[in-house]
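Taking it in order: structure first as structure tokens, then the write-up.
All of the numbers you see were taken from the coordinates with simple rules; none came from a lab. All of these numbers come straight from a predicted model, not from anything done at the bench. Every residue, glycine among them, receives a Cβ derived from its backbone with ideal geometry; neighbour counts consider all protein chains shown.
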Amino acid sequence: MASPFTLHRQSSQCAARRGEVTTSHGVFQTPVFMPVGTQATVKGMTPADLKNIGAEIILGNTYHLYIRPGCELIKEFGGLHNFMAWDRPILTDSGGFQIFSLRELARISEEGAAFKSHLDGSALFLSPEDAVEVQETLGSDIMMCLDTCIPYPADLNEARQATDLTARWAKRCRAAHHRDKGQLLFGIVQGGMHKELRAQATEQLLEIGFDGYAMGGLSVGEPKDLMLDITEYTAALMPRDYPVYLMGVGTPADLVEGVWRGVDMFDCVMPTRNARNGMLFTSTGKVVIKNARYQRDQRPVDENCTCYTCRNFSRAYLRHLYMAHEILAATLNTIHNLHYYAGLMAGIRKALEEDRYEEFRREFYTKNQ
Ligand SMILES: [Zn+2]
């Protein structure tokens with residue numbers, strides 16, 4: 001099948017590459033960071049805010065939308081794009097990770113995942129076919145296969161069972177996918193921290209054939225070195241002419257390292273969640289805005305930042321909003337953090353275009369010691 005990925009430039013220094021992905025709501029440039037819009041909104045941001053920051057694609061969470069407001073309602077609006085007034089690409093997860101996160105409320109069988117709504121406790125069921133149908137109804141540009149996540153640590157046997165089940169579910173997702181709707185479907189490689197399972201899972205997905213390949217089950221509590229080792233190992237097995245997506249990762253350094261190892265797409269709640277907790281990323285490290293030392297500080301959060309927040313507001317004002325629990329604190333902090341992530345990715349893409357990613361990476365660590 002035709003790949004949605006176009007390679008612009010392969011780094012001569014590492015596995016990193018500069019490219020783009022084409023979807024039915026337009027093209028996005030890679031490597032890319034996708035802000036997380038769990039409940040049909042990136043918390044605190046209007047679509048105009050997101051565009052000003054330069055977001056080309058956002059993520060929606062199938063589990064949350066399935067429970068509230070429900071697919072039927074979103075269908076009445078012609079899909080998620082219309083419902084939330086966002087006309088650029090959307091990637092939806094399958095719901096697997098959220099169901100997995102519920103643990104005691106979920107039961108996994110061959111047929112699918114039985115779980116209880118975290119809102120009202122009602123019994124629900126999601127099969128691989130359901131996960132595709134729900135995402136087709138939402139109308140996302142990139143859909144994800146239903147997978148079973150593996151906790152960390154997990155022994156080989158436990159990890160193997162979950163990995164095999166994910167592969168069987170992936171086959172069912174592919175069979176249920178209506179390709180004529182113009183939506184892309186990505187497979188998810190599981191396997192825990194076991195390389196032989198990661199290799200087996202990748203091979204199984206390649207046999208089925210997807211529009212892109214994701215790595216799941218990373219950044220689930222394992223040491224950072226292990227996460228990067230498994231990422232590097234798995235990314236190297238993936239076909240180089242398709243997009244590679246590392247799910248749920250991570251910190252700015254994780255993005256720099258993931259790109260180095262060949263990853264094209266990332267998502268994480270970190271910039272948005274940290275913003276709401278008053279933790280701001282800057283070109284010289286983190287700023288905890290509630291600290292007393294910012295009480296009379298007239299400087300912007302980051303003197304090198306060109307975001308709306310930094311162009312207009314002082315640390316003292318942002319600290320005041322945060323201490324007073326004003327909703328504007330969440331909005332201004334999120335604008336800054338998403339701008340920081342977007343700027344980091346833009347810098348990465350530029351360095352790749354100039355084939356100087358090794359130098360970029362070194363400079364990043366010099367600034368963020
Ligand atoms: Zn800023």
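What the table shows:
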{"read-out": "Cα lying deepest toward the dipole's positive end in the chain, options ALA330, TYR242, TYR152, charges on Cβ", "value": "ALA330"}
{"read-out": "Under Karplus coefficients 6.51, -1.76 and 1.60, residue-wise ³J(HN,Hα) of region 178-191 in Hz, glycine/proline x", "value": "8, 5, 5, 7, x, 8, 8, 10, 9, x, 10, 7, 9, x"}
{"read-out": "Two-decimal log10 I(q)/I(0) for the chain, as the Debye equation yields it once each C-alpha is a single scatterer, q = 0.07, 0.13, 0.14 Å⁻¹", "value": "-0.30, -1.06, -1.22"}
{"read-out": "Over the chain, relative contact order from alpha-carbon pairs under 8 Å, at least 6 apart, %", "value": "18"}
{"read-out": "Cα gyration tensor of region 93-151 - equivalent ellipsoid semi-axes, whole Å, descending", "value": "19, 13, 11"}
{"read-out": "Rough spin-label spacing in nm, given labels placed 7 Å along Cα→Cβ, for GLU326 and ARG299", "value": "2.2"}
{"read-out": "By average C-beta atoms within 10 angstrom, highest first, the peptides 20-29, 295-304", "value": "20-29, 295-304"}
{"read-out": "In region 304-369, GluC sites (Glu not before Pro) in a DSSP loop with at most 16 other beta-carbon atoms within 10 Å", "value": "GLU326, GLU354"}
{"read-out": "Acute angle (nearest 10 degrees) that the helix 156-176 long axis makes with the longest principal axis of the chain, alpha-carbon atoms", "value": "80"}
{"read-out": "Folded to 0 to 90 degrees: helix 327-353 orientation relative to the chain principal axis, Cα", "value": "70"}
{"read-out": "Cut-off under 5 Å, modelled amide H: who pairs with GLY248 long-range", "value": "ASP267"}
{"read-out": "Kirkwood hydrodynamic radius of region 270-369, Cα pairs, Å", "value": "14.0"}
{"read-out": "Net charge over other residues, Cβ less than 15 angstrom from the Cβ of ASP302 (K, R count +1; D, E count -1)", "value": "+4"}
{"read-out": "Centroid-to-centroid separation of region 222-297 and region 316-364 [C-alpha atoms, Å]", "value": "11"}
{"read-out": "Positive-pole candidate from ILE53, ALA85, SER24, dipole of region 8-118, charges at beta carbon", "value": "ILE53"}
{"read-out": "Highest-MSF residue in the chain out of MET323, MET247, MET143 [GNM, Cα springs under 10 Å]", "value": "MET323"}
{"read-out": "Neighbourhood net charge (13 Å Cβ-Cβ; Lys/Arg +1, Asp/Glu -1) for GLU207", "value": "+2"}
{"read-out": "Crossing angle, helix 357-367 versus the chain [Cα axis fit, 0-90 degrees, rounded to tens]", "value": "50"}
{"read-out": "Per-peptide average of other Cβ atoms within 10 Å, ordering 182-195, 338-351, 228-241 highest first", "value": "182-195, 338-351, 228-241"}
{"read-out": "Dimensionless Rg over Rh [region 312-352; C-alpha; Kirkwood]", "value": "1.18"}
{"read-out": "Using θ = phi - 60° and Karplus 6.51 cos²θ - 1.76 cosθ + 1.60, couplings along region 115-126 (whole Hz; Gly, Pro as x)", "value": "8, 10, 4, 6, 8, 10, x, 5, 7, 10, 9, 10"}
{"read-out": "The chain, dipole about Cα centre (Lys/Arg Cβ +1, Asp/Glu Cβ -1), debye to the nearest 20", "value": "1300"}
{"read-out": "Antiparallel DSSP beta bridges within the chain, as percent of all bridges there, nearest 5", "value": "50"}
{"read-out": "Net charge contributed by nearby residues that have their C-beta within less than 11 Å of GLY95 (K/R +1, D/E -1)", "value": "-3"}
